[in-house]
Amino acid sequence: MFEERRSKSKSWTSVLAPYAEKQLEEAVNLASSYQALQSDEFEFEVISADRSDIVNIGTHCCSCRYWQLYGIPCSHAVAALRSCKKDPYAFVVKYFTVESFRETYMPKLHPIPRKIELKRPGQILVNEEIQVVRPPKFRRPPGRPEKKRICTNDINREKHAVRCSKCNQTGHYKTTCKVEFAERM
């Protein structure tokens, strides 16, 4: 895979890798229909047919957030950069450049032999010596298991008034009713 990408990148003639080049081309095409209004040295308001966006070329920010997320100027940023006669390619994150791509795939990777083929000095490994590591056996902890009960504080119960069945008053039960006790005296 490394060799394949290394050789493929040698044929690239542009400044950016093909993915970034395509994204920037699309942004340039869309930017031609936008109007950029400069508010200060770095900040612009870019007006399109359906919305307006704020672009800050100093901090590489756009209100659509595409530039911050992907590192490639969005169409609004390209419109702002073109209005102040700056090259959009200079504002792409360096990781998308062909030079950076080539540096990534420049080192050669050498294959590592399988574990079976590895030898310690003066020792020969045989297939029978390889042990399979199994997970530890599960032991139940001592004591009574914990119950998984629902805490009553968590449940929002509706509170209702308690009504006595003897005197039909609220605030107490039949067993604690004092009306009968008062009548006996």
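The values are calculated or read from the model by the stated rules, or taken from the named source; none is laboratory data. All values reported here derive from a predicted model rather than from experimental measurement. Positions of Cβ are backbone-derived with ideal geometry, glycine not excepted, and every protein chain shown enters the neighbour counts.
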Options VAL98, VAL55, VAL78; residue that is among the β-branched types (Val, Ile, Thr), buried (at least 16 other Cβ atoms within 10 Å of the Cβ) and either touching a strand residue (DSSP E or B) at 6+ places or on another chain (Cβ under 6 Å) or on the phi > 0 side of the Ramachandran plot (or both):
VAL55
Is it the case, given these coordinates, that ALA90 is small (Gly, Ala, Ser) and in contact with a Phe, Trp or Tyr (Cβ under 6 Å, 6 or more places away or on another chain)?
no
Those residues that are at pLDDT 90 or above, of a type in the set (Ser, Thr, Tyr) and within 14 Å of ASN29 (Cα to Cα), I need them from the range 44-88; list them, please.
SER75
Can you name the residue in the range 169-185 that is aliphatic (A, V, I, L, M) and not in a loop (DSSP other than H, G, I, E, B) and, of all such residues, is modelled with the lowest pLDDT?
ALA182
Residues of the range 1-28 satisfying the condition of being over 30 Å from SER48 (Cα atoms) and either part of a helix (DSSP H, G or I) or not polar (S, T, N, Q) (or both)
MET1, PHE2, GLU3, GLU4, ARG5, ARG6, SER7, LYS8, SER9, LYS10, TRP12
Among the numbered criteria (1) surrounded by 14 or more Cβ atoms within 10 Å (Cβ to Cβ); (2) closer than 30 Å to PRO111 by Cβ, which one does GLU3 miss?
(1)
Members of the range 30-56 that are touching a residue at least 24 places away in the same chain (Cβ under 8 Å) and either part of a helix (DSSP H, G or I) or touching a helix residue (DSSP H, G or I) at 6+ places or on another chain (Cβ under 6 Å) (or both):
LEU30, ALA31, TYR34, ALA36, PHE44, VAL46, VAL55
